[in-house]
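Notes to accompany the following structure.
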Amino acid sequence: MAFLASSSAPKGATGVLVLADGTIVWGKGFGATGSAVGEVCFNTAMTGYQEVMTDPSYAAQIVTFTFPHIGNVGTNEEDFESRVEGAVGCIVREEVTRQSNFRSEAEFVEWMAKMGKIGLAGVDTRALTRRIRLSGAPNAVIAHDPKCNFDLDALLQRAQEWPGLEGMDLAQRVSREHQEDWEGGYWRLGHGYGTAEREGKPHVVAIDYGSKDNIFRNLVKAGARVTVVPAKTSLEDILALKPDGVFLSNGPGDPAATGEYAVPVIKALLEADMPLFGICLGHQMLALAAGAKTVKMHQGHRGANHPVQRVGESWGETRDLVEITSMNHGFAVDGDTLPAGVEQTHVSLFDGSNCGIAISGKRAFGVQYHPEASPGPQDSFYLFEKFVGMLG
């Protein structure tokens with residue numbers, strides 16, 4: 001039975017979610033103990049909860065899983081998207097399911113504790129999701145104490161004082177600190193991750209704003225060798241690596257804030273006619289560099305079942321084709337602000353928001369969704385092939 005919003009703890013409660021408006025939602029805590037603050041969002045995917053929790057794009061967020069059964073796949077060392085900060089916590093409907101998968105190495109509850117992430121089970125996630133859809137993603141504190149000893153006033157104050165994601169640059173917090181030659185290949189069942197072949201391959205320099213590792217594996221699969229650099233790497237240092245193209249990664253936070261240092265570099269790369277490909281935050285960075293604006297979304301798009309349609313004159317006979325995509329973003333490019341010379345290439349069929357651009361006269365494009373997550377499963381791999389194909 002789901003715990004309801006109440007100011008007093010019901011029997012069996014060991015965790016709580018305190019929204020900034022004063023709403024208190026009780027549940028059974030799991031994973032790490034303590035408390036964490038963030039924005040509450042929801043994700044509609046039925047699988048991939050470990051990947052979601054380790055995606056840096058979820059930094060400073062508390063993920064509500066709309067799928068009621070979480071935990072059945074367990075966790076393993078291969079399914080991390082990153083080893084840096086991801087989601088601070090999660091909210092689920094049912095108590096976490098025991099693992100039942102041949103690849104599992106640890107239970108989800110144990111893994112959450114090891115990773116320092118707080119979980120809350122037994123919550124009416126349908127009601128919480130509906131609240132987010134109607135009122136927007138709220139700031140909140142999630143807390144877990146086996147003795148149910150909570151200072152609700154202090155938790156509420158913390159939720160109310162947290163400034164929220166708008167205006168917050170989180171890319172520096174989750175970006176790698178040092179340059180890295182990416183060595184990982186693509187995953188195969190029974191073989192794990194192979195080793196990337198680097199000799200004779202076109203060279204992609206990937207700017208890490210909070211990247212998912214599987215993006216780099218897909219670039220390798222498409223035929224590139226990849227060097228990953230920190231978010232604030234200078235133009236001079238990027239060009240010194242002699243890239244054939246530059247990739248702009250996903251990441252968390254407000255793109256306008258990250259753009260203060262990222263956009264001047266990208267503008268210079270555009271002026272140098274460097275091939276560019278951006279995903280998610282990288283797509284937003286490219287749009288800002290081209291003169292567009294970004295906006296905070298009401299509820300965001302997060303899940304593995306988002307239909308995106310190809311639009312514009314450049315698609316030929318594949319125009320209007322629909323791709324099933326994975327998404328994770330709370331900010332979006334404002335399609336109404338795209339300047340002349342920037343073509344909209346993809347739109348969401350859920351709300352018509354921008355999901356892709358291409359810059360006329362340049363070898364530069366971006367998409368808001370995550371082609372490396374492969375929910376289609378292969379609807380969008382062509383994007384990696386298109387980018388690497390520009391580099392020869």
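The values are calculated or read from the model by the stated rules, or taken from the named source; none is laboratory data. Model, not experiment: these values are computed from the prediction. Ideal geometry is used to build each Cβ from the backbone, glycine not excepted, and the neighbour counts take in all protein chains shown. Note: accessible area is taken over every heavy atom of the protein model, side chains too, but ligands, DNA and RNA are not part of it. Shrake-Rupley method; radii C 1.70, N 1.55, O 1.52, S 1.80 Å.
Quick notes
Results for (1) open to solvent by 80 Å² or more (accessible area, probe 1.4 Å); (2) of a type in the set (D, E, K, R), shown as yes or no for each residue.
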{"site": "VAL174", "(1), (2)": "no, no"}
{"site": "HIS191", "(1), (2)": "yes, no"}
{"site": "LYS212", "(1), (2)": "no, yes"}
{"site": "PHE216", "(1), (2)": "no, no"}
{"site": "VAL220", "(1), (2)": "no, no"}
{"site": "ARG225", "(1), (2)": "no, yes"}
{"site": "ALA231", "(1), (2)": "no, no"}
{"site": "LEU235", "(1), (2)": "no, no"}
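- Note on the stretch 237-267: residues that are in contact with a strand residue (DSSP E or B) (Cβ under 7 Å, 6 or more places away or on another chain), of a type in the set (A, V, I, L, M) and either in a loop (DSSP other than H, G, I, E, B) or open to solvent by 10 Å² or more (accessible area, probe 1.4 Å) (or both) total 2.
- Applying a threshold of 8 Å to beta carbon distances and a minimum spacing of six or more residues, or different chains, the list of pairs starting in the stretch 116-131 at a residue that is closer than 13 Å to MET53 by Cβ and ending at one that is aliphatic (A, V, I, L, M) and open to solvent by 50 Å² or more (accessible area, probe 1.4 Å) reads GLY119/VAL109.
- If you filter the stretch 311-334 down to residues that are in contact (Cβ under 8 Å) with a residue 40 or more places away in the chain, under 16 Å from LEU383 (Cα atoms) and of a type outside the set (Ser, Thr, Tyr), you find that the one that is most open to solvent (accessible area, probe 1.4 Å) is ILE324.
- Residue within the stretch 333-341 that is touching a helix residue (DSSP H, G or I) at 6+ places or on another chain (Cβ under 8 Å), closer than 26 Å to ASN139 by Cβ and not in a strand (DSSP E or B) present: no
Yes/no matrix, rows are residues, columns are (1) among the aliphatic types (A, V, I, L, M); (2) in a loop (DSSP other than H, G, I, E, B); (3) farther than 20 Å from HIS329 by Cβ:
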position	(1), (2), (3)
GLY185	no, no, yes
GLY200	no, yes, yes
VAL204	yes, no, yes
ILE207	yes, no, no
ASN218	no, no, no
GLY223	no, yes, yes
THR227	no, no, yes
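- Against the numbered list (1) touching a helix residue (DSSP H, G or I) at 6+ places or on another chain (Cβ under 8 Å); (2) over 30 Å from GLY184 (Cβ atoms), CYS90 comes up short only at (2).
- Taking (1) assigned to a strand (DSSP E or B); (2) touching a Gly at 6+ places or on another chain (Cβ under 6 Å); (3) touching a residue at least 60 places away in the same chain (Cβ under 8 Å) in turn, ALA113 satisfies each apart from (1).
- Residue count for the stretch 336-385 under the criterion of being of a type in the set (Lys, Arg) and either within 16 Å of MET285 (Cβ to Cβ) or without any contact (Cβ under 8 Å) to a residue 40 or more places away in the chain (or both): the result is 1.
- Residue count for the stretch 179-189 under the criterion of being in contact with a helix residue (DSSP H, G or I) (Cβ under 6 Å, 6 or more places away or on another chain) and modelled with pLDDT of 95 or more: the result is 1.
- Yes/no for THR54 being out of contact with any Gly (no Cβ under 8 Å at 6 or more places or on another chain) and of a type outside the set (Asp, Glu): no
Table: residues versus (1) assigned to a loop (DSSP other than H, G, I, E, B); (2) touching a Lys or Arg at 6+ places or on another chain (Cβ under 9 Å).
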site: THR47; (1), (2): yes, no
site: GLU51; (1), (2): no, yes
site: SER57; (1), (2): no, yes
site: PRO68; (1), (2): yes, yes
site: ASN72; (1), (2): yes, yes
site: GLU77; (1), (2): yes, no
site: PHE80; (1), (2): yes, no
site: ARG83; (1), (2): yes, no
site: GLY86; (1), (2): yes, yes
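Listed here are the residues, each with its yes/no results for (1) more than 23 Å from VAL246 (Cβ to Cβ); (2) out of contact with any Lys or Arg (no Cβ under 8 Å at 6 or more places or on another chain).
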position	(1), (2)
GLU313	yes, no
GLY330	yes, no
VAL333	no, no
LEU338	no, yes
VAL342	no, yes
THR345	no, no
LYS362	no, yes
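- Some residue of the stretch 101-110 being open to solvent by less than 10 Å² (accessible area, probe 1.4 Å) and touching a residue at least 40 places away in the same chain (Cβ under 8 Å): yes
- Pair list, Cβ < 9 Å and 6+ apart or interchain, from the stretch 193-213 residues that are polar (S, T, N, Q) and modelled with pLDDT under 95 to residues that are open to solvent by 10 Å² or more (accessible area, probe 1.4 Å) and assigned to a loop (DSSP other than H, G, I, E, B): THR195/GLU183
- So LEU270, is it under 24 Å from the mean Cα position of the chain (by Cα), part of a helix (DSSP H, G or I) and touching a residue at least 60 places away in the same chain (Cβ under 8 Å): no
- Selection from the stretch 335-392 of residues that are among the charged types (D, E, K, R), out of contact with any Pro (no Cβ under 7 Å at 6 or more places or on another chain) and open to solvent by 40 Å² or more (accessible area, probe 1.4 Å): ASP336, GLU343, ASP351, LYS362, ASP379, GLU385, LYS386
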